[in-house]
Amino acid sequence: MSLGKVYAHMQSDDPRVLSAPPKDVPSSFPRVLLDSSQIGRMIRRMAHEILERNQGTKDLYLIGILKGGGILAERLASIIASIEGASVPLGTVDITLYRDDLSSRASPPFLKQSDLPESVDLKRVILVDDVLFTGRSVRSALDLLMDLGRPSRVQLAVLIDRGHRELPIRADFVGKNLPTSLDETVQVSLEPGREHVSLHRKG
């Protein structure tokens, strides 16, 4: 049975980990793993962890990797503002031109607009993405940030860590660790009214 065949209610003792079901659980795809209320609790917990680790909002700068990371960064920034009574800078980056597979693409890339209202120099940057997989997207984002300035520190926050890293990259803040196999994909929707995390079989 695939490691990715998991249910949201079958959790390990660690609430950050979704564990595999027993062998007699029937398989079906796609499978919804997390719903709106579960995702909301995860994001709130992550916001509290970010504040605790950084001892407040001083020099904090949330930057989301488009597209899913941008929405998650907005959610985190909103919760942090409600907790601290002060807003934090919020930006987004398009990593398309920094991807290491750009030359192998058959068609020209579609570029989105990066939006960084402040310099990253001397900031505690929280780089935000929805799913951490091989680590290559995060590496691309780090390359882009280093071209823009010199943050005092960069930390990584992800909603889902699905494993299978190809580069030595690890998240500092994780909503859920989700065991998967390479023939499965994880889809995250953070649109209001349609929030969910689901597991799909490739093909």
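The values are calculated or read from the model by the stated rules, or taken from the named source; none is laboratory data. Since the model is a prediction, treat every value here as computed from it, not as a measurement. Here the Cβ positions follow ideal geometry from the backbone for every residue, glycine too, while neighbour counts run over all protein chains shown.
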Looking at the range 159-171, which of its residues are over 18 Å from G68 (Cβ atoms) and under 15 Å from the mean Cα position of the chain (by Cα)? R165, R170
Yes or no: the range 14-29 includes at least one residue that is among the polar types (S, T, N, Q), at pLDDT 90 or above and surrounded by 12 or more Cβ atoms within 10 Å (Cβ to Cβ). no
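One line per residue, one yes/no per condition, for (1) hydroxyl-bearing (S, T, Y); (2) in contact with a strand residue (DSSP E or B) (Cβ under 8 Å, 6 or more places away or on another chain); (3) modelled with pLDDT of 95 or more; (4) over 16 Å from V125 (Cα atoms):
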position: D147; (1), (2), (3), (4): no, no, no, no
position: Q155; (1), (2), (3), (4): no, yes, yes, no
position: L159; (1), (2), (3), (4): no, yes, yes, yes
position: R162; (1), (2), (3), (4): no, yes, yes, yes
position: L167; (1), (2), (3), (4): no, no, yes, yes
position: A171; (1), (2), (3), (4): no, yes, yes, no
position: D183; (1), (2), (3), (4): no, yes, no, yes
position: V186; (1), (2), (3), (4): no, yes, yes, yes
Selection from the range 56-93 of residues of a type in the set (D, E, K, R) and at pLDDT 95 or above yields K58, D59, E74, R75, E84
Please specify each residue of the range 189-203 satisfying the condition of being in a strand (DSSP E or B), touching a residue at least 60 places away in the same chain (Cβ under 8 Å) and not hydrophobic (A, V, I, L, M, F, W, C). H196, S198, H200, R201
If you take the residues in the range 167-188 that are in contact with a Gly (Cβ under 7 Å, 6 or more places away or on another chain) and assigned to a loop (DSSP other than H, G, I, E, B), which one is surrounded by the most Cβ atoms within 10 Å (Cβ to Cβ)? T180
Just need a number here: residues in the range 124-155 that are buried (at least 23 other Cβ atoms within 10 Å of the Cβ) and either without any contact (Cβ under 8 Å) to a residue 40 or more places away in the chain or more than 15 Å from G70 (Cβ to Cβ) (or both). 1
Only unsatisfied item for T134, checking (1) closer than 18 Å to V32 by Cβ; (2) modelled with pLDDT of 95 or more; (3) not charged (D, E, K, R), is (1)
